[in-house]
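Take a look at the structure set out below.
Each value in this text was obtained by applying a stated rule to the coordinates, not by laboratory testing. Values in this document were obtained by computation on a predicted structure and should not be read as measured data. Please note: Cβ atoms are built from the backbone with ideal geometry, for glycine as well, and neighbour counts cover all protein chains shown.
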Amino acid sequence: MGTDERIDLRNRTVMIVDDDDVIRGLLRSLLRVAGLVVVAESPGAERALADYKRLRPEIVCLDIDMPGTDGLAVLGQIRELSEDVIVIMISAETTEGNTRKAIEAKADGVIAKPFTTARVTGAIERALRRRSNP
């Protein structure tokens with residue numbers, strides 16, 4: 001598969017984790033437009049982990065900055081359950097430090113808020129492409 005070929009995102013399962021209702025709604029809409037199936041939405045760590053264990057989505061869109069347990073800790077817990085899931089971290093502050101910590105914690109991508117459909121789907125496609133061409 002060439003690097004410029006589109007990856008079909010239709011019917012792939014995704015879970016959204018963000019403490020902001022508006023951000024979850026925006027992500028839900030743009031992911032559905034791209035053909036992804038949103039199987040769960042969570043405002044925080046505990047519910048996100050329970051939903052992940054139960055549903056095992058292919059992709060997780062995960063906020064870095066959440067009250068209580070932050071997204072990097074959730075990423076670590078998800079990685080203990082699966083190395084195969086695609087995890088895209090989302091943050092209002094994509095500083096070099098935040099990005100480095102996310103990549104070190106085995107995130108598949110990091111995108112900044114506010115985001116666009118193209119940036120979110122592009123991050124997912126790049127991660128899927130890397131997985132299929134190690």
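General remarks:
- Among Thr121, Thr95, a tally of other beta-carbon atoms within 10 Å of each Cβ gives an order, fewest to most, of Thr95, Thr121.
- Cut-off under 5 Å, modelled amide H: who pairs with Thr13 long-range: Val37, Glu58, Ile59
- Gain in span if fully extended, Asp8 to Ala92, counting 0.36 nm per residue against the direct Cα distance: 27.5 nm
- Residues Met15, Met89, sorted so that the one with the fewest Cβ neighbours within 10 Å comes first: Met15, Met89
- Label sites at Gln77 and Arg100, each approximated as a point 7 angstrom past Cα along Cα to Cβ, lie 2.7 nm apart.
- Amide H contacts of Glu41: Ile16, each under 5 Å away and 5 or more positions distant or on a separate chain (H built 1.01 Å from N in the peptide plane; Pro and chain starts excluded).
- When restricted to Cα atoms, region 13-132 yields an Rg and a Dmax of 12.6, 35 Å, respectively.
- For Ile88, neighbours were defined as the other residues whose beta-carbon sits under 11 Å from its Cβ, and their charges (Lys and Arg +1, Asp and Glu -1) total -1.
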